[in-house]
Amino acid sequence: MELIWNSLPYLLLGAVETLKITVFAVSLGTVLGLIVGLGRISDQKIIRLLAACYVDFLRGTPLLVQVFIVYFGFPQLLEQLGSPITHIPPFMAALIAFSLNSGAYVAEIFRAGIQSIHRGQMEAARSLGMTKAQAMRYVILPQAFRRVIPPLGNEFIALLKDTSLLSVIGIVELTRRGQIIIASTFRPFEIWFTVAFIYLLLTFSISRLVAFLERRLDIK
């Protein structure tokens, strides 16, 4: 217990880094996902095709590979294009990769949420003189947002746990800090158990928050 207690402040700093990356990535991913989700149901075939390619690629390839592409591949590509940028900082690379990945999953969440709204809602709004964009903004999306809160919470939790992959590019988040402590103490059981417990506390808190929002918004 003494080792766990002494290691706790250092591990909690890693948990803060983990949360920071997750919050930024999901926030950007939500905006990107909404845009791509609307593209998935667009009347324009080329827009639907581009949105589908984006979603299929990001959902069909491992997140770790996407992190490597951004961190190692993008600087090489930019250098060949004559850009002065030859290095992407680890935090920025993590944010880009995680935001793009989250955007693909959130796009499907929004698409399903929008399509779950009865078509009569759109027709009723159009009959009142609204354009399609106005009907989507004022009638369809507010209802869809309520329905996508639970899956968005699941996406947040999944991405939070996936931050453990970022130690491979040098980000000192929760998992990496656990590795550093183990390298100096040679006590893996106590440290990994503590790391797992901190992840559990984070994910449990998020799941309780999502459940609270469901009750407040009466999501059915």
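Structure summary
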| item | result |
| --- | --- |
| List Trp5, Trp192, ordered by accessible area with a 1.4 Å probe, largest first | Trp5, Trp192 |
| Counted charge near Ala107, where neighbours are those whose Cβ lies closer than 14 Å (Asp, Glu -1; Lys, Arg +1) | +1 |
| Rg in Å to one decimal, and Dmax rounded to a whole Å, for the range 82-191 via C-alpha atoms | 21.7, 70 |
| Nearest-20 debye value, the chain charge dipole, Cβ charges on Lys, Arg, Asp, Glu | 840 |
| Packing rank of 28-37, 129-138, where each peptide gets the mean count of other beta carbons within 10 Å, highest leading | 28-37, 129-138 |
| GNM top mover of Leu100, Leu166, Leu209 - the chain, alpha-carbon springs below 10 Å | Leu209 |
| Local electrostatic count, Ile4, Cβ distance below 12 Å [Lys/Arg +1, Asp/Glu -1] | -1 |
| Within the accessible area of the chain (1.4 Å probe), percent carbon and sulfur | 67 |
| Where N is the number of residues in the chain, Cα Rg divided by 2.2 N^0.38 Å | 1.22 |
| Per residue, in Å², the accessible surface of the chain once ligands and nucleic acids are set aside, probe 1.4 Å | 57 |
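The values are calculated or read from the model by the stated rules, or taken from the named source; none is laboratory data. Since the model is a prediction, treat every value here as computed from it, not as a measurement. Note: ideal-geometry Cβ built from the backbone for every residue, glycine included; neighbour counts use all protein chains shown. Note: accessible area is taken over every heavy atom of the protein model, side chains too, but ligands, DNA and RNA are not part of it. Shrake-Rupley method; radii C 1.70, N 1.55, O 1.52, S 1.80 Å.
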